[in-house]
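Asks: Sharing a structure below in structure tokens format, with a few things to ask.
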Amino acid sequence: MSDQHAQKQAAAQAALQYIEDDMILGVGTGSTVNCLIELLPKFRLKGAVASSQVTEDKLKALGIDVVDLNFAGTLDVYIDGADEVNAHLQLIKGGGGALTREKIVAAASNKFICMVDESKTVEILGRAFPVPIEVLPQARSYVARQLAQMGGEPVYREDFVTDYGNVILDTYDLDVSEPIKLEAKLNNIVGVVCNGIFAANQADVLLKASSSGVETLLR
Ligand code: 5RP
């Protein structure tokens, strides 16, 4: 399984063991999750909570009921991918721009199952992949200056608006050696809606696909 897409499919296949008929499943966003969504019709789900409009549309196209999180209560399981993951199952997410909605659904779930291919594992977060930061449009340049003062290099994601009508600053060169502290510090900047570090609320289970199969890691 050296092919990245095959690894995503294998991780998605492994995630099926956490899904049960009659549950309301939290469903993430991205190409790995798309592999999972294709497999969902084999279950009789009570419904799904979608972490993005894109996911919502895909679920509905398969005839799966999409439930508003406000009416779903606490979810048993949320399944999503990630852009980077470290040994503590802390993540960077938001490559697809759905970080805020993803973080909300993950927080409202008892168990967060994260599926990755081997390219996503790193020793220190944020060295190769920038931290996506969702920002209220009016605060974009103020927040960018604050990030620059922290040593970051924010890049405005052109031609992209989040599901909540906000913009994204993909921020390079931040020191993510203490992910929980940085996650909180970024959230404290006025105008920041959410950031793509999932450290205070990391994954509970990591399904890591590689050329030798799918490994399960627990936090
Ligand atoms: C979207 C995300 C995705 O989980 C992340 O970008 C991974 O995507 P893919 O499965 O396509 O590699 O955080 O906002």
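Asks: In the range 1-110, what trypsin sites (Lys or Arg not before Pro) fall in a loop by DSSP, with at most 10 other Cβ atoms inside 10 Å?
Replies: 44
Asks: Quick check: with the 1.4 Å probe, what order do 198, 160, 71 take by accessible area, largest first?
Replies: 71, 160, 198
Asks: So for the range 90-181, averaging the separation of alpha carbon pairs under 8 Å that are six or more residues apart and normalising by length, what relative contact order in percent results?
Replies: Value for the range 90-181: 33 percent.
Asks: Run the quick spin-label model on residue 185 and residue 4: label points 7 Å from Cα toward the beta carbon, then report their separation in nm to one decimal.
Replies: 3.0 nm
Asks: Measuring with a 1.4 Å probe in the full set of protein chains, what accessible area per residue, in whole Å², belongs to the range 1-57?
Replies: Solvent-accessible surface per residue comes out at 44 Å².
Asks: Around residue 163, under 11 Å between beta carbons, what's the net of Lys plus Arg minus Asp minus Glu among the other residues?
Replies: So the environment of residue 163 carries a net charge of -2.
Asks: List every residue whose amide H lies under 5 Å from the amide H of residue 210, counting only residues 5 or more places away in sequence or on a different chain, with H placed 1.01 Å from N in the peptide plane.
Replies: Sorted by chain and number, the residues that satisfy this are 215.
Asks: Suppose all protein chains stay in the model; what accessible area per residue would a 1.4 Å probe give for the range 126-204, in Å²?
Replies: Ligands and nucleic acids excluded, the result is 52 Å² per residue.
Asks: Grab the beta carbon distance between residue 156 and residue 218, set R0 = 45 Å, and tell me the FRET efficiency rounded to 0.05.
Replies: Once rounded, the FRET efficiency stands at 0.75.
Asks: Would you compute, from DSSP H runs of 4+ residues alone, the mean residue ellipticity of the chain at 222 nm, taking -39500 (n - 2.57) per run and dividing by the full residue count, rounded to the nearest 500?
Replies: Values: 7 runs with 62 residues, N = 219.
When only DSSP H runs of four or more count, the value is -8000 deg cm²/dmol.
Asks: What is the chain's relative contact order, in percent, from Cα pairs under 8 angstrom and six or more apart in sequence?
Replies: 23 percent
Asks: To the nearest 20 Debye, how big is the dipole of the range 106-164 about its Cα centre, given +1 on the beta carbon of each Lys and Arg and -1 on that of each Asp and Glu?
Replies: About 220 debye.
Asks: If you don't mind, there's one more thing I want to ask. With both bridge residues required to lie in the chain, what share of the DSSP beta bridges run antiparallel, to the nearest 5%?
Replies: Approximately 55 percent, going by the DSSP bridge assignments.
Asks: Using only the C-alpha atoms of the chain, find the volume of their convex hull and express it per residue in Å³.
Replies: Dividing the Cα hull volume of the chain by its residue count gives 114 Å³.
Asks: Probe radius 1.4 Å, ligands and nucleic acids ignored: give me the carbon and sulfur share of the accessible area of the chain as a rounded percent.
Replies: 47 percent
The values are calculated or read from the model by the stated rules, or taken from the named source; none is laboratory data. Please read all numbers here as calculations on a predicted model, not as lab measurements. Using ideal geometry, Cβ is built from the backbone for each residue, glycine included, and neighbour counts are taken over all protein chains shown. What goes into the accessible areas is simple: the full protein's heavy atoms, side chains included, and nothing from ligands, DNA or RNA. Shrake-Rupley method; radii C 1.70, N 1.55, O 1.52, S 1.80 Å.
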